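The structure under discussion appears below in the form of structure tokens.
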Amino acid sequence: MSKPWWRDAVLYQVYPRSFADGNGDGIGDLAGAAERLEYLEWLGVDAIWLNPIHPSPNVDWGYDVTDYTGIHPDLGTLDDLDRLIAEGASRGIRILLDLVPNHSSDGHPWFRERPDFYVWSEEIPNNWESIFGGGPAWTLDEERGRYYLHNFAPEQPDLNWWNPEVRAEFERILRFWFDRDVAGFRIDVAHAIVKDRELRDDPVIPGLGMRRRYSMFRPETHEILREWRALAETYDPPRLLLGEAYSLEAEQWAGYFGERDDQLDLAFAFMLTHAALDADEMRGVVSEIEAALPAHAWPCWAGSNHDIGRLATRWAKGDESRARCALLILLGLRGTPCLYYGDELALEAGAVPADRVLDCATPSRDPGRTPMPWTAGGDWLDPWLPLSDTSRNVEDQRVDSGSTLHFTRDLIGLRRQLPALRSGTYTEIPTSAGAWAWRRGADVAVAVNLADAPVELDDVSGAILLATNRSRDGELVESLALAPGEGAIVATSQRSSGSSAASE
Ligand code: GLC
Ligand code: CA
């Protein structure tokens, strides 16, 4: 079988309500996203993942679905999606949707018409806690006089995956979108779809809080992933399954790929996402992941998303050079990177005043969901979430070759040019404290200095292909010196017969 497209790809997450507004009502939409395909093609991304676009009362902004095969009227129509898919295809950009199988909205007709699709109990049966709010994961349905399970908000009743008809419904939903040329799905809460059939108590470990052994991470979930994978592979090209797959440790996480490459194609490596921007910590996480992964598995790296917020704030504390280091890490590791809209600008968390907060979770995730700043002037009429700081915007950065936007574009370009940077093995290079460096294949090195003091890397010599400090591009180094918060990609072989790190 030929190499699947996504192994070489750069993914880009679009939060639809905040990306681009096509009709000027303050809410981003599918038509707006289609208008920005030109930008995304220029940037060089291969696919976009859209957060849920289905009809929803928006208690959890689309993660509470009332119709899995419809489009939310705020975002457009099925025709708009077809157009986005077709225009994307003409620019080499594929479209991934978000599948929310763990729960529906309590406004989904199923909740009234098909109680057997949900999980019920006469009494609160166990100590499972809701992830939003921390109270019990069980709420009394007044009408029925019974409790239903919701791992998230009470308006998000968990589906009963022990019911074969639920499984059949989701097969139908997958086929519906795959038949429309959707390239694949990001799968929401992929680690927790099936719950313990006996609803046993989660063990409480003193000091660690609840250890979710029965409310999540059930082995039966793997069966579902296997069924979906088999279905996805009946399509040409096979449709991509990318999991939001949390785990308690690297080995458990590696299990989502299946022993025989028969489950997820890609899974977000959240151990890195949640690590600090710290050389020792990140190096440790990556070596654990590298050691745990079966040969066929392929991690997906992200530093930002709609839940965790923006890497430029979270990791880089606003420092643009450190944000570029983060991009070097995401695109320099072995795996598929997923940028969150605005990462390419080093966009920071937005300011959302208390009276504008719309998120159901605490702390609010809204600062990481504010509108994309296309221009310094804003380019949004009365946006749904405030557009606070537009100092890092597309228009200004696109005409500035020294900008982070150009840095990101050149980094994506370099990845495309150098096979080693896409598929070469990962090998640590010894460094002094505070720095992290690794080789990709034989003759490409990636290095970042995440410390507050300068470092010198004796084991990295060659020609700088791309540096966070762009004035160093092309520099020849005997031993790579990096200022605090600086990073670079280096072609380490200097063979006269044309370097082997050179383009394909
Ligand atoms: C996932 C989503 C998050 C949502 C939750 C419940 O974690 O990424 O945004 O709130 O699932 O669907
Ligand atoms: Ca709109």
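Run S56 past the list (1) open to solvent by 10 Å² or more (accessible area, probe 1.4 Å); (2) more than 16 Å from ligand 1 (Cβ to nearest atom); (3) small (G, A, S) and report the number of the one that doesn't hold.
(2)
Is at least one residue of the range 376-389 touching a residue at least 24 places away in the same chain (Cβ under 8 Å), hydrophobic (A, V, I, L, M, F, W, C) and either outside any loop (DSSP other than H, G, I, E, B) or over 25 Å from S56 (Cα atoms) (or both)?
No; the residues of the range 376-389 include none that is touching a residue at least 24 places away in the same chain (Cβ under 8 Å), hydrophobic (A, V, I, L, M, F, W, C) and either outside any loop (DSSP other than H, G, I, E, B) or over 25 Å from S56 (Cα atoms) (or both).
Has the range 242-255 got at least one residue that is under 30 Å from C325 (Cα atoms), open to solvent by 40 Å² or more (accessible area, probe 1.4 Å) and within 17 Å of the chain's Cα centre (by Cα)?
Taking every residue of the range 242-255 in turn, at least one turns out to be under 30 Å from C325 (Cα atoms), open to solvent by 40 Å² or more (accessible area, probe 1.4 Å) and within 17 Å of the chain's Cα centre (by Cα).
So which of D82, D29 ends up being more than 19 Å from the chain's Cα centre (by Cα) and under 22 Å from F170 (Cα atoms)?
Details: D29 fails: under 22 Å from F170 (Cα atoms).
Checking each option against the conditions leaves just D82.
Can you tell me which residue within the range 19-33, out of those that are surrounded by fewer than 21 Cβ atoms within 10 Å (Cβ to Cβ) and within 15 Å of L385 (Cβ to Cβ), is farthest from ligand 2 (Cβ to nearest atom)?
First, the residues of the range 19-33 that are surrounded by fewer than 21 Cβ atoms within 10 Å (Cβ to Cβ): 22-26, 31.
From what's left, within 15 Å of L385 (Cβ to Cβ): 25-26.
Working: D25: 4, G26: 7 Å.
Once the filter is applied, the top-ranked residue is G26.
Just give me the residues in the range 43-78 being away from ligand 2 (no atom under 15 Å from the Cβ) and either not in a loop (DSSP other than H, G, I, E, B) or not assigned by TED's automatic domain parsing to the domain that holds C360 (or both), in sequence order.
Answer for the range 43-78, where residues must be away from ligand 2 (no atom under 15 Å from the Cβ) and either not in a loop (DSSP other than H, G, I, E, B) or not assigned by TED's automatic domain parsing to the domain that holds C360 (or both): L43, A47, I48, W49, L78.
Could you pull out the residue among R283, R334 that is on the phi < 0 side of the Ramachandran plot and in a helix (DSSP H, G or I)?
R283
Residue by residue, here is whether (1) under 22 Å from R365 (Cβ atoms); (2) modelled with pLDDT of 95 or more; (3) within 16 Å of ligand 1 (Cβ to nearest atom); (4) not assigned by TED's automatic domain parsing to the domain that holds A190 holds:
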position: D80; (1), (2), (3), (4): no, yes, no, no
position: R91; (1), (2), (3), (4): no, yes, no, no
position: F132; (1), (2), (3), (4): yes, no, yes, yes
position: P136; (1), (2), (3), (4): no, yes, no, yes
position: A153; (1), (2), (3), (4): yes, yes, yes, yes
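Looking at the range 173-210 only, could you name the residues that are within 21 Å of V119 (Cα to Cα), among the basic types (K, R) and open to solvent by 40 Å² or more (accessible area, probe 1.4 Å)?
Within the range 173-210, R197, R200 qualify.
Looking at A137, A192 in this structure, which one is out of contact with any Phe, Trp or Tyr (no Cβ under 6 Å at 6 or more places or on another chain), in contact (Cβ under 8 Å) with a residue 60 or more places away in the chain and either farther than 18 Å from D67 by Cα or not β-branched (V, I, T) (or both)?
A192
Within 16 Å of ligand 1 (Cβ to nearest atom) and in contact with a strand residue (DSSP E or B) (Cβ under 6 Å, 6 or more places away or on another chain) - does that describe any residue in the range 212-233?
no
Looking only at residues that are closer than 30 Å to H296 by Cβ and assigned to a helix (DSSP H, G or I) in the range 1-18, which one is least open to solvent (accessible area, probe 1.4 Å)?
The residue in question is W6.
Within the range 438-487, considering only strands (runs of 3 or more DSSP E) that don't extend past its boundaries, which have at least 2 residues that are under 16 Å from D319 (Cα atoms)? Let's see the steps before the verdict.
Numbers: elements: 444-449, 455-457, 462-467, 480-482.
Strands (runs of 3 or more DSSP E) meeting the threshold: 444-449.
A254 versus (1) closer than 28 Å to P430 by Cα; (2) without any contact (Cβ under 8 Å) to a residue 12 or more places away in the chain; (3) not acidic (D, E): which is the lone unmet condition?
(2) is the only condition that A254 fails.
I'd like the full set of residues that are open to solvent by 50 Å² or more (accessible area, probe 1.4 Å) and not in a strand (DSSP E or B), limited to the range 126-153.
I131, G133, E142, E143, R144
From I71, I95, grab the single residue that is more than 16 Å from ligand 1 (Cβ to nearest atom), crowded, with 24+ Cβ neighbours inside 10 Å and in contact (Cβ under 8 Å) with a residue 24 or more places away in the chain.
I95
Could you count how many residues in the range 359-386 are open to solvent by 40 Å² or more (accessible area, probe 1.4 Å) and within 11 Å of S18 (Cβ to Cβ)?
0
For the range 304-320, how many residues are assigned to a helix (DSSP H, G or I) and open to solvent by 10 Å² or more (accessible area, probe 1.4 Å)?
3
Looking for whichever is open to solvent by less than 10 Å² (accessible area, probe 1.4 Å) and over 13 Å from L328 (Cβ atoms) here; the options are G402, G462. Which one fits?
So the residue among G402, G462 that is open to solvent by less than 10 Å² (accessible area, probe 1.4 Å) and over 13 Å from L328 (Cβ atoms) is G462.
Can you tell which of A323, A346, A354 is out of contact with any Leu (no Cβ under 6 Å at 6 or more places or on another chain) and open to solvent by 30 Å² or more (accessible area, probe 1.4 Å)?
Within the list A323, A346, A354, the selection yields A354.
State whether the residues of the range 45-53 include one that is away from ligand 1 (no atom under 16 Å from the Cβ) and surrounded by fewer than 23 Cβ atoms within 10 Å (Cβ to Cβ).
Taking every residue of the range 45-53 in turn, at least one turns out to be away from ligand 1 (no atom under 16 Å from the Cβ) and surrounded by fewer than 23 Cβ atoms within 10 Å (Cβ to Cβ).
The values are calculated or read from the model by the stated rules, or taken from the named source; none is laboratory data. Here the structure is a predicted model, which is why all the values come from computation and not from measurement. Note: ideal-geometry Cβ built from the backbone for every residue, glycine included; neighbour counts use all protein chains shown. In case anyone asks, the SASA skips ligands and DNA or RNA and just uses the protein heavy atoms, side chains included. Shrake-Rupley method; radii C 1.70, N 1.55, O 1.52, S 1.80 Å.
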